[in-house]
Amino acid sequence: MNYSAIKYFDIANGEGVRTTLFVSGCRRGCKNCFNAVAWDFAAGDPFTPGIADQIIASIDHPFCDGLTLLGGEPMEPENQMGLVDFVERVRAAYPTESGKTIWCYTGDTLDALMPGGAHRTDVTDRLLACIDILVDGPFVQDLHDISLRFRGSSNQRIIDMNATRARAASEGVSLADAVELWHDEAVYSTHTMK
């Protein structure tokens, strides 16, 4: 797997200050994608163990709130295989109780990652088990809204995966049937500082 960029001290792709890994490769081709340079699977540089170590170390600061994965497309089958061991290492180093979260942006809906879904692989469940927040759905130019926080178009959902997993377990249903949305602080939806 290749990565096109790493942003340290990122404040645009999830809550707080984050380390963001942009993986290379996406077959979706959304119109006006902000990162079309990362569509090519060969873009950027190889994601090596040394790079993984560097990212994990960058999260180990009091000011860093966690890791964000985007791209490209983290849920392309090749990228799932390239990410799963790394993401499990991050989760082991920074369990949910640590307060450090893992966000993942995907053009897939959660349904597409469930059994029978287009991007379902042998490691999808392992990846989803580590993710705290999943921003799902393709970017749709006609639904673009600059007032939305942490997403580009109104069709995209910000899913609280911990709450979704808990609801799925208690109700005995699939994750896709138990979606619980993440709730931002109220002040951000008002677009005022009151």
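Throughout, read-outs are computed from the coordinates displayed, never taken from laboratory work. Just so it is clear, the model here is predicted, and its values are computed rather than measured. Backbone-built Cβ (ideal geometry, glycine too); neighbour counts: all protein chains shown.
Given H placed 1.01 Å from N in the peptide plane, which residues other than close sequence neighbours of residue 159 have an amide H under 5 Å from its amide H?
HN-HN under 5 Å from residue 159: 134, 135, 136, 182.
Just the Kirkwood number for the range 15-114, please: inverse of mean 1/r across all distinct Cα pairs, in Å, one decimal.
Values: mean 1/r = 0.0704 Å⁻¹.
Kirkwood hydrodynamic radius for the range 15-114: 14.2 Å.
Go through the range 41-139 and name the chymotrypsin sites (Phe, Trp or Tyr not before Pro) that are in a DSSP coil and have 10 or fewer other Cβ atoms within 10 Å of their Cβ.
63
Where does each of 54-60, 174-180, 145-151, 23-29 land if you order them by average Cβ count within 10 Å, highest first?
The most tightly packed comes first, giving 23-29, 174-180, 54-60, 145-151.
What does the net charge come to around residue 148 if you take all other residues with beta carbon closer than 12 Å to its beta carbon, with K and R at +1 and D and E at -1?
+1
Anything in the chain that counts as a DSSP H helix reaching 18 Å or more along its axis (C-alpha) with Kyte-Doolittle mean of at least -0.5? List them, would you?
77-93
Where both residues lie in the chain, what percent of DSSP beta bridges are antiparallel, nearest 5?
Expressed as a percentage, antiparallel bridges in the chain total about 50.
Each residue of the range 130-143 in order: what ³J(HN,Hα) in whole Hz does its phi give by Karplus 6.51 cos²θ - 1.76 cosθ + 1.60, θ = phi - 60°, with x for Gly and Pro?
For the range 130-143, the Karplus curve yields 8, 8, 8, 10, 10, 9, 10, x, x, 6, 10, 3, 5, 10 Hz.
Ranking 76, 185 by Cβ neighbours within 10 Å, fewest first, what do you get?
Lowest to highest Cβ neighbour count: 185, 76.
Pop out the ³J(HN,Hα) list for the range 17-28 in order, Karplus 6.51 cos²θ - 1.76 cosθ + 1.60 with θ = phi - 60°, rounded to Hz; leave Gly and Pro as x.
Using θ = phi - 60°, the values come out as 9, 9, 9, 10, 9, 9, 7, 9, x, 7, 9, 6 Hz.
What do you get for Rg/Rh of the range 2-190 when both radii come from the Cα atoms and Rh is the Kirkwood radius?
Using Cα coordinates only, the ratio equals 0.93.
Just want the ordering: 188, 3, from fewest to most Cβ atoms lying within 10 Å of their own Cβ.
Ascending Cβ contact count within 10 Å gives the list 188, 3.
How would you classify the range 104-191 from its alpha-carbon gyration tensor, with a ≥ b ≥ c the square roots of the eigenvalues: rounded for a/c under 1.5, else prolate if a/b is greater than b/c, otherwise oblate?
oblate
Listing 144, 119 from the residue with the fewest other Cβ atoms within 10 Å to the one with the most, what is the order?
Ascending number of Cβ neighbours within 10 Å: 144, 119.
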